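Written below as structure tokens is the structure these notes are about.
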Amino acid sequence: MVIGVVMLYFGISGVYKLNNKTKDFKETTGYFTDYTIYSVDRDGATYKLIYSYTVDGKQYTISSDFGTGTIPNKGSTKTIKYNPNNPRDAVIVGVNSQTFLIFIGLLFTFVPLIMILGFFRVFDKVNLKLDLMGIFIGIFFSVMGLGIIYMLVGSFSILDMIGSYSNYLVPCIISILFIIVGLFMIIKSIFFNKKTVAKLNK
């Protein structure tokens, strides 16, 4: 949990600095054109994705600053922010190493927190007509699903994800299932939990 908090700190501070740096940058559309090997181990390879973008008729390229195991379809797009005084100075909008730190930091923080609260039966001690543990877990699943989508396409659009990663249906299906399960648990915990049902029966 401490590791997760530290990762969140560095991730959020990194995003803040990057946003300050790029606040006067202009936007254009980048197109996925190629990839390079980022790392290789016994579990497989990860890749840095290369996008091309055009400014004033001149083409430039930019690559992601972290490795990914999924490669989007050729021609998939991302928003690129570039320095109008130096178009080579650019960033890919959405996913980068800093947002990756935030995503993993949330995972490292949230899971131990649920375990700690469950171990000390905190949710059982709260006198509410809601299943707080179920709501907490439902939020976690929903955030995980949305996080996977954001990590893949830089937005929360399921359609963009399917369009860009039609060759990788497994992560697409997993992210959608996470969201469905999370929403189901939240609704169930609010409206159909044991406390609510017992109250209605009375």
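The values are calculated or read from the model by the stated rules, or taken from the named source; none is laboratory data. Quick caveat, the model's predicted, so the values are computed rather than measured. Counting neighbours? That spans all protein chains shown, and the Cβs are built from the backbone with ideal geometry, glycine included.
Here G11, G30 are screened, and the one residue that is over 28 Å from T109 (Cβ atoms) and small (G, A, S) is G30.
Residues that are modelled with pLDDT under 90 and either out of contact with any helix residue (DSSP H, G or I) (no Cβ under 6 Å at 6 or more places or on another chain) or not assigned by TED's automatic domain parsing to the domain that holds T77 (or both): does the range 47-63 have at least one? Please lay out each step first, then the result.
If we filter the range 47-63 for residues that are modelled with pLDDT under 90, which is where we start, we get none.
No, every residue in the range 47-63 fails to be modelled with pLDDT under 90 and either out of contact with any helix residue (DSSP H, G or I) (no Cβ under 6 Å at 6 or more places or on another chain) or not assigned by TED's automatic domain parsing to the domain that holds T77 (or both).
Go through the range 57-98 and give me each residue that's in a strand (DSSP E or B) and closer than 21 Å to V170 by Cα. Answer for the range 57-98, where residues must be in a strand (DSSP E or B) and closer than 21 Å to V170 by Cα: T68, T77.
Here M7 fulfils each of the conditions (1) under 30 Å from L113 (Cα atoms); (2) free of Cβ contacts under 8 Å to residues at least 24 places away in the same chain apart from (2). Figure legend. Inter-residue proximity from the range 27-52: first residues without any contact (Cβ under 8 Å) to a residue 40 or more places away in the chain, second residues among the acidic types (D, E) and assigned to a strand (DSSP E or B), beta-carbon distance below 7 Å, spacing 6+ or different chains. Indicated pairs: I50/D34.
If the requirement is being touching a Gly at 6+ places or on another chain (Cβ under 8 Å), outside the structural domain of I176 (by TED's automatic domain parsing), at pLDDT below 85 and closer than 23 Å to S13 by Cβ, which of these qualifies: F108, F100? Don't jump to the end; show me each part of the working.
Numbers: F108 fails: at pLDDT below 85.
Within the list F108, F100, the selection yields F100.
Set side by side, the residues K129, K195 differ, and just one is at pLDDT below 80, outside any helix (DSSP H, G or I) and outside the structural domain of K48 (by TED's automatic domain parsing), which is K129. If I ask for residues that are modelled with pLDDT of 85 or more and hydrophobic (A, V, I, L, M, F, W, C), which ones from the range 141-155 would you list? Scanning the range 141-155 gives F141, V143, M144, L146, I148, I149.
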